[in-house]
């Protein structure tokens, strides 16, 4: 049986929801949010906590090492490479764009080295990364307007991000308005407005595998941190047409989903 | 049930049933707590 709790994009609710689940004496705890995992670790010293969508669990203090996590917190780590893959996709889809805006919510930063990782990936690909900070709902619009005004060629939208998830429809409207090629805000794929989306497909499955092992008696401290192995790409050809972009057949062939 | 039979049950049969009840409690289905941040529907990433 699974007891579901949702913070409805409000991080201030996390401690109370954590406490509620502890009170229900759950046998294992799973969360797709690094902040919730960190909070849970402080409150749950016995209950196994399975994290997912965490980029660098060592840097975040969730585990001691990838092979021997120690404590009661095993999980799935992935994100350090995904932003780089998204940048690569943008470069391939919009080759004229050499300056890429990074719409970023520092408060949702999912790992300490996230910004540095994106800048480094940009250098490797020959792209200049320009930060577009937006930490409040009303800051996305001026950030994207500044991107248009300063001639940035494409936008990398931070994902995952609680703020951008809650604002995904508005962000996509702004991308359409400003005719900006962009990766998708967090959500369920490239609907109108964004051009390309990448995600790891097997993370939830791997988290389920870990929970299953724990329920069968495995010690959480002995379960190595897992990494996803399957990544998928979606391309929205309707957005590409709006942006007057021609998608090379080689990229279309690589896409797992093509939205027409 | 007569008082003597009731006493006999309480002190002989009932204690034998106690471990069965305790075992049944231990075999409850496991419960997994899931805490999501996004609203229902969530994200895939």
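The values are calculated or read from the model by the stated rules, or taken from the named source; none is laboratory data. If you're wondering where the values come from, they're calculated on a predicted model, not measured in any experiment. As a convention, Cβ positions derive from the backbone with ideal geometry for all residues, glycine included, and neighbour counts pool all protein chains shown.
The single condition from (1) away from chain B (no Cβ under 12 Å); (2) assigned to a strand (DSSP E or B) that residue A:191 fails is (2).
This table checks each residue for (1) crowded, with 17+ Cβ neighbours inside 10 Å; (2) in contact with a strand residue (DSSP E or B) (Cβ under 8 Å, 6 or more places away or on another chain); (3) closer than 19 Å to residue A:197 by Cβ; (4) in contact (Cβ under 8 Å) with a residue 40 or more places away in the chain.
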| site | (1), (2), (3), (4) |
| --- | --- |
| A:73 | yes, yes, no, yes |
| A:103 | yes, yes, yes, yes |
| A:126 | no, no, no, no |
| A:140 | yes, yes, yes, no |
| A:155 | yes, yes, yes, yes |
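With a requirement of 3 or more residues that are within 19 Å of residue A:211 (Cα to Cα) and under 16 Å from the mean Cα position of the chain (by Cα), the strands (runs of 3 or more DSSP E) lying completely within the stretch A:1-116 that satisfy it span A:49-54, A:75-77. Count of the stretch A:46-61 residues, restricted to those that are under 19 Å from residue A:228 (Cβ atoms), surrounded by fewer than 24 Cβ atoms within 10 Å (Cβ to Cβ) and away from every other protein chain (no Cβ under 14 Å), is 4. Would you be able to say whether some residue in the stretch A:162-169 is away from chain B (no Cβ under 11 Å), surrounded by fewer than 16 Cβ atoms within 10 Å (Cβ to Cβ) and more than 12 Å from the chain's Cα centre (by Cα)? Yes, the conditions are met somewhere in the stretch A:162-169. Taken over the stretch A:117-159, the criterion of being more than 20 Å from the chain's Cα centre (by Cα) and part of a helix (DSSP H, G or I) is satisfied by A:123, A:124, A:125, A:138, A:141, A:142, A:145, A:146, A:147, A:148, A:149.
The conditions of being at negative phi and modelled with pLDDT of 90 or more are not met by residue A:135.
Report whether or not residue A:235 is over 26 Å from residue B:28 (Cβ atoms) and either outside any strand (DSSP E or B) or touching a strand residue (DSSP E or B) at 6+ places or on another chain (Cβ under 9 Å) (or both).
Working: over 26 Å from residue B:28 (Cβ atoms): yes; either outside any strand (DSSP E or B) or touching a strand residue (DSSP E or B) at 6+ places or on another chain (Cβ under 9 Å) (or both): yes.
Criteria met by residue A:235.
Just to be sure before I move on: is residue A:212 outside the structural domain of residue A:146 (by TED's automatic domain parsing), part of a loop (DSSP other than H, G, I, E, B), at pLDDT 90 or above and under 30 Å from residue A:48 (Cα atoms) in the structure I sent? For residue A:212, the condition - outside the structural domain of residue A:146 (by TED's automatic domain parsing), part of a loop (DSSP other than H, G, I, E, B), at pLDDT 90 or above and under 30 Å from residue A:48 (Cα atoms) - is not met. Taking the stretch A:1-38 as the range and being free of Cβ contacts under 8 Å to residues at least 12 places away in the same chain, facing chain B (nearest Cβ under 7 Å) and either more than 22 Å from residue A:161 (Cβ to Cβ) or buried (at least 19 other Cβ atoms within 10 Å of the Cβ) (or both) as the test, the residues that pass are A:1, A:2.
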